[in-house]
Amino acid sequence: MGKGIADSVLDAIGDTPIVRLSRLEPDLDRELLVKLELLNPGGSHKVRIALNMILEAEKDGELVRGSGQTIIESTGGNTGIGLAMAAAILGYRLVLVIPDNYSPAKQRLLRGYGAEVRLSDHTLGNNSHADMALGLLFDNPDWVMLNQQANPANPAIHERTTAVEIMDALGPRLPDALVAGVGTGGHITGVGRVLAEHQPSLRIVAVQPEGCSLRENRFVTHPIQGLAVGLVPAVLDLGLVSDEEQVSFEDARRMMRRVMRTEGLAVGISSAANLVAACRVARALPAGSRVLTFAYDGVHDYLDALPDEDVAFAEGSLAGEAR
Ligand SMILES: Cc1ncc(COP(=O)(O)O)c(C=O)c1O
């Protein structure tokens, strides 16, 4: 993101701030830093990869800007929003396949950007939308599928932008640990690669929902959207990962409220899981250590998960929560 005036919202992607969280755990005695990716246009880190996958496909001649060619992807999440934004600006038709149990509000949002939403029958299994998208691609061989789980343009943009922004912001004092949720593995791989090159002692910690393990190739269905897609994705460099931290939905949802009340920061459920894990990782490191994590998106899509009891802050009722 340059200073001055951006030519489109796509030129306003990136350069997100890093904030020190000193109120979340006042006695922590370690530095907890969070990169606010939720401040990207479209509201998440995934807009970076959505745009880059399109730009790389244009370089390869697979996509021609302004041609109205059809891009098909099976995601209604943050990548879908990023693709919808980029497709609207760059002149592509976008077909997004999402399970039919997705919220109508999300479907409306994607249609608002001009994307065409096709619904798969979620009762056919976790991958109903991916299967349907492959079927549509088979029937329409001129359509282009970007496939974020296997596309090297996904980690590459985090190497080229997210990691560089972190290096610029932190200067010579790089983090002792990087704590990152893994969905496609794009940002942990891209950022992890660059930081580990400059800081060989860096601990790179993958955050997974309780019951899931990348190392053991073990996955369960879980409610922490964005994390653990049910397989070890092709773009994830598992060799970079030093440890895994499993976080329960309950701990993550309590952290959502805790970080709102202590830091005034309203984040989504996967970002809250990162913060739970980051606190644990920080405590296991020597005093004075620096831990970096990410806030991927905001709380708005996850309000149903936010604990809603009217608990007074002054009663000290936060003590012990999500610790
Ligand atoms: C909310 C949220 N959190 C975490 C992730 C994981 O990011 P990555 O795909 O780079 O591993 C995603 C990915 O879609 C996401 O949407």
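The values are calculated or read from the model by the stated rules, or taken from the named source; none is laboratory data. Fair warning: this is a prediction, and the values are worked out from it, not measured in the lab. Neighbour counts are summed over all protein chains in view; Cβ atoms, including those assigned to glycine, are modelled from backbone coordinates with ideal geometry. SASA here: full protein model, heavy atoms, side chains in, ligands and nucleic acids out. Shrake-Rupley method; radii C 1.70, N 1.55, O 1.52, S 1.80 Å.
A few remarks follow.
- Per-residue Karplus couplings for segment 148-154, computed as 6.51 cos²θ - 1.76 cosθ + 1.60 with θ equal to phi - 60°, are listed in order as 4, 6, 10, 8, x, 5, 5 Hz, Gly and Pro entered as x.
- Here the extension length gained between Thr262 and His300 equals 11.9 nm, from 0.36 nm per residue of separation less the Cα-Cα distance.
- In order through segment 175-180: 3J(HN,Hα) via Karplus (6.51 cos²θ - 1.76 cosθ + 1.60), integer Hz, x for Gly, Pro: x, 7, 9, 10, 10, 9
- Reported to the nearest whole Å, the Cα centre-to-centre distance from segment 238-299 to segment 17-39 is 10.
- Label zone (Arg173, point 7 Å along Cα-to-C-beta; backbone nitrogen cut-off 14 Å) within segment 15-54: 19-22, 29-34.
- Each peptide in 28-39, 105-116 gets a packing score, the mean of other Cβ atoms within 10 Å over its residues, and the list from highest to lowest is 28-39, 105-116.
- Length-normalised contact order of the chain in % [C-alpha pairs under 8 Å, at least 6 apart]: 19
- With R₀ set to 35 Å, the beta-carbon distance separating Arg218 from Ala284 gives a calculated FRET efficiency near 0.95.
- Gain upon complete extension [Asp15, Asn127; 0.36 nm per residue less C-alpha separation]: 36.9 nm
- Solvent-accessible heavy-atom area per residue, rounded to whole Å², over the chain at 1.4 Å: 43
- Count Lys and Arg as plus one, Asp and Glu as minus one, and take only other residues whose Cβ is under 13 Å from that of Val194; the net charge is then -3.
- Three-way shape label, the chain, alpha-carbon gyration tensor, a/c 1.5: prolate
- Peptides 129-138, 58-67 ordered by average Cβ neighbours within 10 Å, highest first: 129-138, 58-67
- Shape category assigned to segment 9-140 from the gyration tensor of Cα positions, a/c cut at 1.5: oblate
- Phi angles across segment 242-253 convert, under the Karplus curve 6.51 cos²θ - 1.76 cosθ + 1.60 with θ = phi - 60°, into 3J(HN,Hα) values of 7, 8, 10, 10, 8, 10, 7, 4, 4, 5, 5, 6 Hz, Gly and Pro given as x.
- Share antiparallel - DSSP beta bridges, the chain, percent rounded to 5: 15
- Annotation: amide H of Arg290 within the under-5 Å range of Glu31, Asp176, Ala177, sequence separation 5 or more or interchain, hydrogens built in the peptide plane.
- Cβ-derived FRET efficiency at R0 45 Å, Glu62 paired with Asn101, nearest 0.05: 0.90
- Near Val95, the amide H atoms lying under 5 Å from its own belong to Ile71, Ile72, Glu73, Glu116; only residues 5 or more places off or on other chains count, and H is placed 1.01 Å from N.
- The Arg118 and Asp29 beta-carbon pair, evaluated with R₀ = 56 Å, returns a calculated FRET efficiency of approximately 0.65.
- Per-residue ellipticity at 222 nm computed for the chain from its helices equals -10000 deg cm²/dmol, with DSSP H segments shorter than 4 residues left out and the rest contributing -39,500 (n - 2.57).
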